[in-house]
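Report on the following structure.
The values are calculated or read from the model by the stated rules, or taken from the named source; none is laboratory data. Quantities reported herein were computed from a predicted structural model and do not represent experimental measurements. All Cβ positions, even for glycine, are placed from backbone atoms using ideal geometry, and neighbour counts span all protein chains on display. Areas reflect the complete protein model, heavy atoms only, side chains present, ligands, DNA and RNA absent. Shrake-Rupley method; radii C 1.70, N 1.55, O 1.52, S 1.80 Å.
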Amino acid sequence: MTLRSRVLEQLGTVYDPELDEPITTLGFVGSLVVTEAGDVSVRLRLPTPQCAPNFAFLMAADARAAVDRVAGLGHVEIELEDHYTGAEINTAIARGDGFSGAFPGETRGELDALRALFQRKALLARQSRLLSCGATRLADLSGPDAERVRELRLALGIDASDDAAPFVTGDGSPVSPEDVKFRRMASLTALSLETNGHMCRDLLRVRYGEEVAA
């Protein structure tokens, strides 16, 4: 695997916090250049210049952390293009600062709570696609959605062992897949994420004139 392929693979582990889709499949990686010396330049782009700064910062910071996991790199540059707070975000990412460092005096701390909120929504949506599999423990779930469920549970500090309950609420409480309220909420959350994902792809297509596969 080439160095560029390894960098791209790591960027594929970065998820849009609101949509729970990789930034690579959403088309948010506008360009990736890796030189023979191992220097890396990543240009990120978003559907509109007004995308929320907190979401934009999370993606840029996560992209930097993902690329930094690749061994053998030289200088790494992550740049958010054509965003109204791009200069502040890019400077903070280059310095290794957090969100409050990008906007000193304008924020109330970092974004951990916001990230957790959207991870819980993502967990609910992913589980909605697995409710009919007849699982009695987490290990019974399989496929990409099941793998992402396990990742989200680990990130949220929820039991992700093989014998754990297959379905949980956002706070980690086990729940029956037959629970009507849970099924309805999971389905509506999944529909919301999917609708927003299609909207972002359409906006990106209009802005940059490129089709992004759904």
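Here are some notes:
- As a ratio to 2.2 N^0.38 Å, the alpha-carbon radius of gyration computed for the chain takes the value 1.09.
- The stretch 16-76 versus the stretch 183-208: alpha-carbon centroid distance in Å: 20
- Accessible carbon and sulfur surface of the stretch 71-214 relative to its total accessible area, %, 1.4 Å: 51
- Averaged per residue, the stretch 1-144 has 48 square angstrom of accessible surface, using a 1.4 angstrom probe with ligands and nucleic acids left out.
- With the convex hull constructed from alpha-carbon coordinates only, the stretch 173-214 shows a mean projected area of 3.8 nm² over all directions.
- What the Kirkwood sum gives for the stretch 119-178 is a hydrodynamic radius of 11.0 Å, with every pair of different alpha carbons counted.
- In the chain, helical runs assigned H by DSSP with n ≥ 4 each contribute -39500 (n - 2.57); averaged across all residues and rounded to the nearest 500, the mean residue ellipticity at 222 nm is -15000 deg cm²/dmol.
- Once divided by 2.2 N^0.38 Å, the Cα radius of gyration of the stretch 104-146 becomes 1.73.
- Neighbourhood net charge (13 Å Cβ-Cβ; Lys/Arg +1, Asp/Glu -1) for Pro47: -3
- All other residues whose Cβ lies under 15 angstrom from that of Pro177 are scored, Lys and Arg at +1 and Asp and Glu at -1, for a net of +2.
- Quarter of the Cα convex hull surface for the stretch 21-128, i.e. its orientation-mean projected area (nm²): 7.7
- Backbone N under 19 Å from the Thr48 label point (7 Å along Cα→Cβ), restricted to the stretch 66-103: 81-87
- Net lengthening on full extension, Arg207/Thr107 (0.36 nm per residue, minus Cα-Cα): 33.1 nm
- The string of couplings for the stretch 159-176 from the Karplus curve (6.51, -1.76, 1.60, θ = phi - 60°) is 3, 10, 6, 4, 8, 5, 4, x, 10, 9, 7, x, 8, x, 6, x, 9, 6 Hz, one whole number per residue in order, with x for Gly and Pro.
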